[in-house]
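Contents: one structure, followed by commentary.
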């Protein structure tokens, strides 16, 4: 397993036959990931950002999963190893679950899921569909989870159960009733535009009022919608991004502490040092020393 701010991959075992993979490529190059998967495993892949290219048959066939789309794969006749290319700025979450475990989750609802029916149980199955904004919220929570290692399995188990119920609950509007903002996909796109704006202009981001005006949403809807889609407030999300960028630049050993602070838009080095220490529990100088030692 590897883990850094540019390209990260983490695998968490929920229980036997039940695994979640979190993959981020925040670099400007293609990143390839591979993993062997048994033939009795159902694969769910969710591309939350960017584009993922799935490679099959030793490179003879490639299937693209676009941003905000999911792919379900199941072939009881032969293994389907994961071989994916993540384009720059791509985030993906994958769930691998054995057919036996999956049956135990949905035993009373098997008729609702076409590939669990007796006549389809020995057939291969796949789909590639856009996912709803309510699913995007859960995916973001899984990807950005900040939980202690001892709690990680339990946290992911709950979130993945929620994710699967939303995925298969095609005709249920309860999530929309609880979250009226998500009825309007145009609003969600405006929130994504807001996220792109603050990241593109992170050195001098607009105020919330100016941002709301630029994307064409009332301020209240911007605040509520951003929290629903990305699981955090606008400026908390931006701060998290800045801190990740700070670590990336320090890891590269191309910049000193003052240069990193200036590139991230901090007016004084003391403001940057305070933010970095609050996030990581150490100063940028000490962190840089640990990287170069």
Checklist entry - If residue 177 satisfies every condition in (1) within 30 Å of residue 63 (Cβ to Cβ); (2) at pLDDT below 80; (3) assigned to a helix (DSSP H, G or I) but one, which is the exception? => result (1)
Checklist entry - Can you name the residue in region 190-244 that is in contact with a helix residue (DSSP H, G or I) (Cβ under 8 Å, 6 or more places away or on another chain), surrounded by fewer than 17 Cβ atoms within 10 Å (Cβ to Cβ) and not in a helix (DSSP H, G or I) and is also modelled with the lowest pLDDT among such residues? => result 232
Checklist entry - Name the residues in region 245-259 that are surrounded by 14 or more Cβ atoms within 10 Å (Cβ to Cβ), more than 25 Å from residue 194 (Cβ to Cβ) and within 27 Å of the chain's Cα centre (by Cα), would you? => result 250, 251
Item to check | Answer residue from region 139-174, given it is under 23 Å from residue 24 (Cβ atoms) and not in a helix (DSSP H, G or I) and is modelled with the highest pLDDT among those | outcome: 148
Item to check | Given (1) in contact with a strand residue (DSSP E or B) (Cβ under 9 Å, 6 or more places away or on another chain); (2) at pLDDT below 90, number of the condition residue 57 does not satisfy | outcome: (1)
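The values are calculated or read from the model by the stated rules, or taken from the named source; none is laboratory data. From a predicted model like this one, the values you see are computed outputs, not experimental measurements. Heads up, the Cβs are rebuilt from the backbone with ideal geometry, glycines too, and the neighbour counts pull from every protein chain shown.
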